[in-house]
Amino acid sequence: MEFFSQYVIPPTRGQLELLRYLLVLTYAIHLPFVGMVIGATLLSLAFNARDRDIANPTFARMSKDLMDMVLPNRVVVLVFGVLPLPALWMIYGQWLSKSTVSMFTLLPIGALVVALSFVPLMAYRSSLDPAGRNSQVNFGLGGIGLATLLLGMYILIGAVVRFQDPERWHLAHDGFRWLLSFNVIWKFGHLLLSGLAITGCGILFFFFNWSGREPIRDAKYAQFMKNFGASVLLATVILIPVIGFFYLITTPTIALSGAVYVLAAATLVILFLVFLLAYGAILSPRPRFGARAFILVLAVFLLTGVGDQLTLVNATQEHSAALLTEADEIKAQIELEREAHRAASQVVDVARGEEVFKTVCMTCHRMDERLVGPPLKTVLPKYAGNVDGLISFIQKPEKVNPEYPPMPAPGLPLADIKSVAAYLLGEVDDAGTSTESPQH
Amino acid sequence: MKKFLPIPAAFGYFTVFVLIYLALGYDWYRNKQAPDQPIAFSHKIHVGRVGLDCRFCHETVDKSTYAGIPSVQKCMSCHANVATDRPEVQKLAGYWERQEAMEWNRVHRIRIRNHVYFSHKSHIRAGIDCADCHGEVRYMDKVRQVSSLEMGWCVSCHQSKNASTDCLTCHM
């Protein structure tokens, strides 16, 4: 944590808000893309293997087309797959600065593994042959790429999901115990299923609705593709509510709030609509509904991202309050120094001191009676000739007499404190030299 | 029309899950949320702004099993005069005038208390900070439970601090 706490100024309220939006945005860019890469690679490998078993050109072509869909070129990989990773790191680093969790273990390791996994995946994509002469070698590349991506995502998700469980932040140094939690496992399962769902939509959408693509002429292939995409979508949409349920019940109580449940329930409503679209796509002879299903599944990703952001907000409530207080203190410190400059050139104003005394101090003090605080006549003599001592007590009161509650800091500007101190010491001096006691 | 059958079936399926999620939410709302208190007492104001020490109010925390909740009289040592214009403080003064005890709602409770020996005294004397177990209460407007208070939680701290993890330490 040293790096972040040393060089990162505690965020103000506005910056914390901004971090929340950035987090949701980053999730919304990264997770659908990675989910789709995982889903498409998994299916592509399956078709690849089937093709080598029974040499079916449809399967070989499907295997290739799937990879072309998710990894069209390097720019897409960079923008959607890699750049969000350092962004995530910075966001969490700011948000959790000053906490005991380390930003230097699991999060960057997971991010690095994810970024590296795109190398074998891209190689796998380029090595695929639509005519179906795929070999063990390229299958191996795809397998390695997928395994690396899954491992990286598990570490990444594990790292950030556990942030919402402050009770176990002390496990941060123990990677295995940190990652082995049902909460993490269900979240990971949720990502896998959502990834497959968006791959299913992707097949319906990018192959058939995407104007940038040349139309598929082979009717049989198109039919197969459509039914396959819709079936994948249908199956995953049915399973997501179950896994979401397990995720909810394993989420620590401290991270929950009414809104988290309502959001989760709202995603189910959207998933039902997706179900209708997917089923409609199966029934319909023509490929349909791809775009709408795709947008709805993206909405599910977005709502899930909002929910994840919310659980973190809930879990780190006091932590954020501490950060804000610290930012306020830094601001107040600067203000105080400025104030001191101004006060130095200001004359102490006894009349102003009397006013401050009557409006602020009289809530708790009288000269002769005990109220909340002691009668000032009994305590002021010890400050005679020690204005500075009195000033510093009023600025930052310390516990003196066990018979009284502690005096809260009144939070006055230094000029007022100086004035009230001068006024008070003047009052006891008067009382000492004249015979009648002053009226207040 | 058999091919349309899955639609009502799916409707039922998703409805059941929506209801389950909302039921979980209701359970959280009723049982797990930090309880409201008869008076909106804020630790953030009293510890953060006014600067009071925890022990000024939770007097018995280093002397006994229970930390203890301050009496209305303790509040009135200040609030007879301080902030008397605030509605919540006037409510407090009402309790004082009626000589009525304040029924604060408990936030922390070990679930199966009867079979567990836990004492604040020994932990405070061992130099453990309130925040290690209760979180940063001084930043809370409304106290909420930050730690689960489950056995795994007690034991993991005992392990890390080399305190006893013998069953009989906590179960008698």
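Remarks
- Longest exposed-site-free window of chain B, the sites being trypsin sites (Lys or Arg not before Pro) in a DSSP loop that have at most 15 other C-beta atoms within 10 Å: B:1-62
- Remark: A:Ser99, A:Ser135 ranked as A:Ser135, A:Ser99, counting other beta-carbon atoms within 10 Å and listing the fewest first.
- The phi torsions of segment A:118-129, fed into the Karplus equation with coefficients 6.51, -1.76 and 1.60 and a -60° offset, translate into couplings of 6, 5, x, 5, 5, 4, 4, 4, 5, 7, 6, 10 Hz, rounded to whole numbers, with Gly and Pro shown as x.
- Rounded FRET efficiency, nearest 0.05, which uses the C-beta distance separating A:Asp129 from B:Ile45 and R0 of 51 Å: 0.10
- Label-zone membership for segment A:152-174, site B:Ile128, 7 angstrom Cα→C-beta point, backbone N under 15 Å: A:167-168, A:170
- Computed lengthening from A:Val82 to A:Ile295, 0.36 nm per intervening residue step minus Cα-Cα distance: 74.4 nm
- In nm, spacing of pseudo-spin labels at A:Ser284 and B:Phe4 (7 Å Cα→C-beta vector): 1.7 nm
- Length gained on full extension, A:Glu17 to A:Gln136: 37.8 nm, using 0.36 nm per residue less the C-alpha separation.
- Distance violations [Cα-Cα > 26 Å] among A:Lys331/B:Lys32; A:Lys187/B:Lys32; A:Lys220/B:Lys3; A:Lys396/B:Lys44; B:Lys74/B:Lys142: A:Lys331/B:Lys32
- Counting only lysines at least 8 places from A:Lys358 when in the same chain, those with an alpha carbon closer than 19 Å to its own are A:Lys377, A:Lys418.
- Axis angle, to the nearest 10 degrees, between helix A:317-344 and the longest C-alpha principal axis of chain A: 40 degrees.
- A:Leu239-A:Asp53 FRET efficiency (beta carbon distance; Förster radius 30 Å; 0.05 resolution): 0.65
- Using a simple spin-label model with pseudo-atoms 7 Å out from Cα toward Cβ, A:Val350 and A:Ala46 lie 9.2 nm apart.
- Taking A:Val70, A:Val387, A:Val297 as the candidate residues, the one with maximal mean-square fluctuation in a Gaussian network model of chain A, Cα springs under 10 Å, is A:Val387.
- Mean per-residue shielding of peptide B:20-32 is 5, counting Cβ atoms of other chains within 10 Å of each Cβ.
- Helix axis angle, A:258-283 relative to chain A longest principal axis, alpha carbon, degrees: 20 degrees
- Residue exposure sequence - B:His158, B:His115, A:His190 - by fewest surrounding Cβ within 10 Å: B:His115, B:His158, A:His190
- For segment B:37-52, backbone phi angles converted through the Karplus equation (6.51, -1.76, 1.60; θ = phi - 60°) give residue-by-residue couplings of 10, x, 10, 6, 7, 10, 5, 4, 6, 6, 8, x, 8, 6, x, 6 Hz, Gly and Pro being listed as x.
- Once the chain from B:Ile110 to B:Gln33 is taken as fully extended at 0.36 nm per residue, the excess over their C-alpha distance is 26.1 nm.
- Averaged over the residues of A:266-279, the number of partner chain Cβ atoms lying within 10 Å of the residue Cβ comes to 3.
- Using R0 = 51 Å, the C-beta based FRET efficiency linking B:Arg55 and A:Glu339 works out to 0.95.
- Over the protein assembly as shown, dividing the summed -39,500 (n - 2.57) contributions of all DSSP H runs of at least 4 residues by the number of residues returns a 222 nm mean residue ellipticity of -20500 deg cm²/dmol.
- Along chain B, the longest continuous region that contains none of the GluC sites (Glu not before Pro) in a DSSP loop with at most 12 other C-beta atoms within 10 Å is B:1-99.
- Straight-line cross-link partners of B:Lys161 among the lysines, defined as a Cα under 23 Å from its Cα and at least 8 positions apart when in the same chain: A:Lys98, B:Lys63, B:Lys121.
- A:Ala222 versus B:Arg86: modelled label distance in nm, points set 7 Å from Cα along the beta carbon direction: 7.1 nm
- Backbone geometry of segment A:354-367 corresponds, through the Karplus equation with coefficients 6.51, -1.76 and 1.60 at θ = phi - 60°, to 3J(HN,Hα) couplings of 5, 4, 4, 4, 5, 8, 9, 6, 5, 4, 10, 10, 10, 5 Hz, x marking Gly and Pro.
- Principal-axis tilt of helix A:182-208 within chain A, Cα atoms, nearest 10 degrees: 50 degrees
- Along chain A, longest interval not containing exposed GluC sites (Glu not before Pro), exposed being DSSP loop plus at most 14 other Cβ atoms within 10 Å: A:1-368
- Among the chymotrypsin sites (Phe, Trp or Tyr not before Pro) in segment A:55-137, those located in a DSSP loop and surrounded by at most 16 other Cβ atoms within 10 Å of their own Cβ are A:Phe104.
- Take each residue of peptide A:236-243, count the partner chain Cβ atoms within 10 Å of its Cβ, and average: the result is 2.
A short reminder: the numbers here are calculations on the coordinates, not readings from a lab. This structure is a prediction, so every number in the text was calculated from the model and none was measured. Neighbour counts are summed over all protein chains in view; Cβ atoms, including those assigned to glycine, are modelled from backbone coordinates with ideal geometry.
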